[in-house]
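Quick one: the structure is below, and I'll ask about it shortly.
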Amino acid sequence: MKISSIAFPCLGMAFVAFFLVSCNAAPDIVRDMNGDILREGANYYIIMPVDHGKAGAVTLSSRNGSCPLDVVQSKYGTDKRYLNIFSFTPVNLKKGVVRESTDLNIEAAGGSFCGEPMVWKLDSYGGEFVVSTRGVKGNPGAKTIGNWFKIKKYLNHYKFVYCPSVCKTCKPMCKDIGISRKGKSGRLVFNDKPFMVSFKKF
């Protein structure tokens, strides 16, 4: 049986079209614990599903009673009385949703006794790269590169990653965000052992 020579070019064109569509597909949407879409600007608790057999959560804590405030694992588990709430602002605000592997600012809601911005920022402290506050919201580029984080799928939940792509000429260090056990601080730090997180609507 003779096969038309037109079939192969058409097949090739179809493959190229499929490849281009696949490459341009938007990253998956991040979802909260109820399966709802994580929305830009909405407030959420950051929950750690399992840590040494019990659930935990993320909050803020001062450095030895002084400023700035660092991002830490709460000593009180998921007790909301001791937790901060956080909002997420992607670099691209057009759709109003938070997507995986996308640069975003993370900000604690409300003020603090420090009187400083509550935007997450990578900082150097105690011989580690820690997640602190005092970051700048928006203005993506080389001067704000330490203020951008990403959420990625991790097992059945998510993890935080520092690997900003907001600066085309920069070569940032890329690493998962885990929990420091140095001095039992529980700070969020650069770590080879990422911790799982989920998001609960406030």
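Since every read-out is calculated from the coordinates, none of them should be taken as a lab result. If you're wondering where the values come from, they're calculated on a predicted model, not measured in any experiment. Cβ sites come from the backbone with ideal geometry, for glycine too, and all protein chains shown count toward neighbours.
Find the strands (runs of 3 or more DSSP E) located wholly in the range 56-134 whose residues include 1 or more that are within 12 Å of the chain's Cα centre (by Cα), and list them.
Details: elements: 66-73, 86-90, 104-108, 119-125.
Because the criterion is at least 1 residues that are within 12 Å of the chain's Cα centre (by Cα), the strands (runs of 3 or more DSSP E) in the range 56-134 that meet it are 86-90, 104-108, 119-125.
Moving on to the next point. Tally the residues that are among the β-branched types (Val, Ile, Thr) and out of contact with any strand residue (DSSP E or B) (no Cβ under 7 Å at 6 or more places or on another chain), restricting the search to the range 111-152. Can you show your working first?
Just the residues of the range 111-152 that are among the β-branched types (Val, Ile, Thr), to begin with: 119, 130-131, 133, 136, 144-145, 151.
Now restrict to residues that are out of contact with any strand residue (DSSP E or B) (no Cβ under 7 Å at 6 or more places or on another chain): 144-145.
Matching residues across the range 111-152 total 2.
Another question, if that's okay. Output the residues belonging to the range 27-45 that are hydrophobic (A, V, I, L, M, F, W, C) and under 14 Å from the mean Cα position of the chain (by Cα). Spell out how you get there, then give the answer.
Quick first cut of the range 27-45, residues hydrophobic (A, V, I, L, M, F, W, C) only: 29-30, 33, 37-38, 42.
Residues satisfying the conditions are ILE29, VAL30, LEU38.
Same structure again: Quick check: anything in the range 46-63 among the hydrophobic types (A, V, I, L, M, F, W, C) and more than 27 Å from SER124 (Cα to Cα)?
Pass one, the range 46-63, residues among the hydrophobic types (A, V, I, L, M, F, W, C): 46-48, 50, 55, 57-58, 60.
Of the ones still in play, those that are also more than 27 Å from SER124 (Cα to Cα) are 50, 55.
Yes, the range 46-63 contains at least one residue that is among the hydrophobic types (A, V, I, L, M, F, W, C) and more than 27 Å from SER124 (Cα to Cα).
Now for a different question. Within the range 87-110, is there a residue that is without any contact (Cβ under 8 Å) to a residue 12 or more places away in the chain and in contact with a strand residue (DSSP E or B) (Cβ under 8 Å, 6 or more places away or on another chain)?
No, the range 87-110 contains no residue that is without any contact (Cβ under 8 Å) to a residue 12 or more places away in the chain and in contact with a strand residue (DSSP E or B) (Cβ under 8 Å, 6 or more places away or on another chain).
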